[in-house]
Every structure is written in structure tokens, then in C-alpha cells.
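Presented below is the structure to which this report refers.
The values are calculated or read from the model by the stated rules, or taken from the named source; none is laboratory data. The structure presented is a predicted model; accordingly, all values stated were derived computationally and were not measured. All Cβ positions, glycine included, derive from the backbone under ideal geometry; neighbour counts span all protein chains shown.
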Amino acid sequence: MTAALMLGFREALEAAIIISIIAGALKRAEMKKLFHPMWIAVVAAVVASGIAGALLSMAGIAFEGRGEEIFEGCLMLFAAGVISWTVLWITRNGRQLEQRLKSETRAIAVAGSWIGIFGLVFVSVFREGIELALFLTAAQASTEAEGVIGGAVLGIIGAIAVGLLLYSGTIRLRVQTFFRVTSLLLIVIAAGLFAHGIHELQEAEIVPILVEHVWNLNPILDETSFAGQMLKAMFGYNGNPSLLETIGFVLFLGTASLLRLSSKRKQTSPPCESRSPAKCPTAAD
């Protein structure tokens with residue numbers, strides 16, 4: 001539930017920040033008439049994300065036995081990859097995102113394009129929704145569905161509340177700091193999903209086990225206990241992992257962390273107009 005709550009909060013808050021930026025740009029451009037298609041796009045994206053999540057869950061239910069293990073294993077590996085890609089993309093492009101959204105919204109406002117604002121908002125919100133749907137579907141395979149859905153709903157409600165406060169100016173949030181901290185946790189969550197995906201494929205006899213149990217921590221922290229279930233839901237904890245699971249977790253965590261550091265160094269510089277003139281290159285340069 002905790003991992004679902006954090007993922008739900010993060011993805012929904014990212015969508016809320018995007019909507020807030022677009023709404024603010026429309027307000028400053030005195031194009032409030034485009035608020036109507038903006039909110040239609042938000043509702044449409046949420047509904048489309050919910051349908052995608054339901055279809056993924058139905059696909060998982062349709063499989064049984066070995067087929068179910070293969071489906072869940074592949075879904076977990078894919079979800080781990082998507083989460084990691086999102087973290088790397090935000091790390092590299094986060095600083096430029098606000099300016100890019102404002103520029104695109106201003107251009108659409110000048111044209112008065114109903115379709116343009118609908119498309120911009122729908123794609124932005126649907127991207128967050130499909131990422132969350134992927135994670136929740138994968139997480140349901142390793143824990144109770146009620147806890148996963150409940151945690152995600154609480155996270156989304158919290159994000160909506162924070163988004164409204166941000167838009168009204170009631171509170172201020174260091175967005176970069178927030179995403180930096182949650183990105184670190186998401187990488188660990190993704191590594192856990194990756195290791196659990198390997199475990200499912202081992203159960204289906206698709207990949208080798210190598211060594212069945214590298215260690216056994218269950219006498220100390222049983223994976224079926226409350227604390228063990230929490231760690232399992234959040235980070236894919238396994239009290240007695242196989243050698244391949246352990247190698248997969250360490251390699252995934254190490255590779256994703258190194259790529260994140262590399263992306264952080266290569267962060268796209270903000271547009272020139274957002275910096276001081278003294279720091280902008282001249283035509284002579």
C-alpha cells in the first residue's frame with residue numbers, strides 16, 4: 001500500500017503540476033475559454049488510463065498457472081523499465097519542462113485552438129496515468145489488490161489537494177527537491193519489481209535459478225509478516241531470494257543509479273530567456 005500511495009501521489013502530483021502550469025499560462029493569456037477543453041481532456045485522460053488499467057488486470061486474470069507466471073513476470077520487468085525511464089527523463093528534462101509547457105500553451109492560446117489544448121493536456125495526463133496503471137497492475141501480483149488500489153487512491157487524493165493549493169498560491173513546493181527524493185525511492189522500487197519479475201519467470205521455468213536460496217532472512221524478518229509484506233510491496237523484499245534474483249536486483253539498482261547520475265550531469269539547460277541576459281550567448285558568439 002505504501003509504494004502504491006507514493007506512486008499514486010507522485011504521478012498525480014506531476015499531472016497536477018502540469019495542469020497548473022497550463023492553466024496559469026491560459027489565465028495570463030486571457031484565454032479562459034480554453035479551460036473547458038482543458039478539463040474535458042483531464043477527464044478523458046483519467047478515464048482512458050482507468051480503462052487501460054482494467055484491461056491489463058483482465059489480461060492477468062485470463063491467464064492461469066504457468067501462463068499467469070509468465071505474464072506477471074514480463075509485466076513486472078516492463079513496469080520496472082518504464083518507471084526507470086520516467087525517472088531518467090524527469091532528471092534530464094525537469095528544468096526545461098515548465099518553460100516548454102508555457103511556450104506550447106502560449107502558442108495554442110494565440111491560435112485559440114480547442115483541439116490543440118485538448119491534445120496537449122490529454123497526452124500529458126494520460127502519460128502519467130498509464131505509468132501508474134502499469135505499476136499498480138504489476139504490484140497486484142505480489143500483494144493484495146485492495147491495498148494497492150487503496151494506497152493509490154489515497155495518493156491521488158493527496159496530490160489533487162496539493163495541486164489545488166499550489167495553483168491558488170496557498171503553498172509553495174520545491175518541485176525539483178520533491179522529484180529528486182522520490183526518484184531515488186522509485187529506482188529502488190523498480191529494482192524490486194525487476195527482481196520479482198525474475199522470480200516469476202523462474203517459477204515458470206523460463207530462466208534458470210542457479211542457486212535457489214542465497215540466504216534466508218525469514219527467521220529474522222519473515223516475508224509473510226506485516227513488516228515483510230510492507231517491504232515486499234514497496235521494494236520486492238524476498239527473505240530467501242535466489243542467486244539470479246539477487247544479481248538482477250543489484251545490477252538493476254546499480255545501472256539505474258549510474259544512468260540517473262549521468263542524466264543529472266547532462267540536464268538540459270533552461271531556455272535562454274529564462275536566464276539572465278549576461279549568461280545568454282550573443283549573435284557574435
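Among the residues of region 47-70, are any touching a His at 6+ places or on another chain (Cβ under 7 Å) and either modelled with pLDDT of 85 or more or not in a helix (DSSP H, G or I) (or both)? No: region 47-70 contains no residue that is touching a His at 6+ places or on another chain (Cβ under 7 Å) and either modelled with pLDDT of 85 or more or not in a helix (DSSP H, G or I) (or both). When we screen Gly197, Gly228 for residues that are touching an Asp or Glu at 6+ places or on another chain (Cβ under 9 Å) and farther than 20 Å from Glu72 by Cα, the only hit is Gly228.
Residues that are under 15 Å from Thr246 (Cβ atoms) and within 28 Å of the chain's Cα centre (by Cα) were ranked within region 207-229; the one that is modelled with the lowest pLDDT is Glu223.
Here region 21-50 is the region considered, the condition is being buried (at least 18 other Cβ atoms within 10 Å of the Cβ) and among the small types (Gly, Ala, Ser), and the residue that is farthest from the chain's Cα centre (by Cα) is Ala25. Of all residues in region 207-249, those that are in a loop (DSSP other than H, G, I, E, B) and buried (at least 20 other Cβ atoms within 10 Å of the Cβ) total 5.
Taking the condition loosely packed, with under 14 Cβ neighbours inside 10 Å and modelled with pLDDT under 90, does Ser263 pass? The answer is no for Ser263.
I'm checking my understanding of the structure. Among residues of region 178-206 that are over 18 Å from Leu253 (Cβ atoms) and either of a type in the set (Gly, Ala, Ser) or surrounded by fewer than 18 Cβ atoms within 10 Å (Cβ to Cβ) (or both), which one is farthest from the chain's Cα centre (by Cα)? Don't jump to the end; show me each part of the working.
Looking only at region 178-206, we keep the residues that are over 18 Å from Leu253 (Cβ atoms), and these are 178-179, 200-206.
Narrowing further to those that are either of a type in the set (Gly, Ala, Ser) or surrounded by fewer than 18 Cβ atoms within 10 Å (Cβ to Cβ) (or both): 178, 203-206.
Values: Phe178: 13, Glu203: 27, Ala204: 28, Glu205: 30, Ile206: 28 Å.
My answer is Glu205.
Checked against (1) surrounded by fewer than 16 Cβ atoms within 10 Å (Cβ to Cβ); (2) of a type in the set (Phe, Trp, Tyr); (3) at pLDDT 85 or above, Phe252 passes all but condition (1).
Conditions tested, residue by residue: (1) within 19 Å of Lys32 (Cβ to Cβ); (2) among the hydrophobic types (A, V, I, L, M, F, W, C); (3) at pLDDT below 85; (4) crowded, with 21+ Cβ neighbours inside 10 Å.
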site	(1), (2), (3), (4)
Gly94	no, no, yes, no
Ser103	no, no, yes, no
Ile108	yes, yes, yes, yes
Thr137	no, no, yes, yes
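When Val87, Val43, Val82 are checked against the criterion of being over 16 Å from Phe179 (Cβ atoms) and touching a residue at least 40 places away in the same chain (Cβ under 8 Å), a single residue qualifies: Val82.
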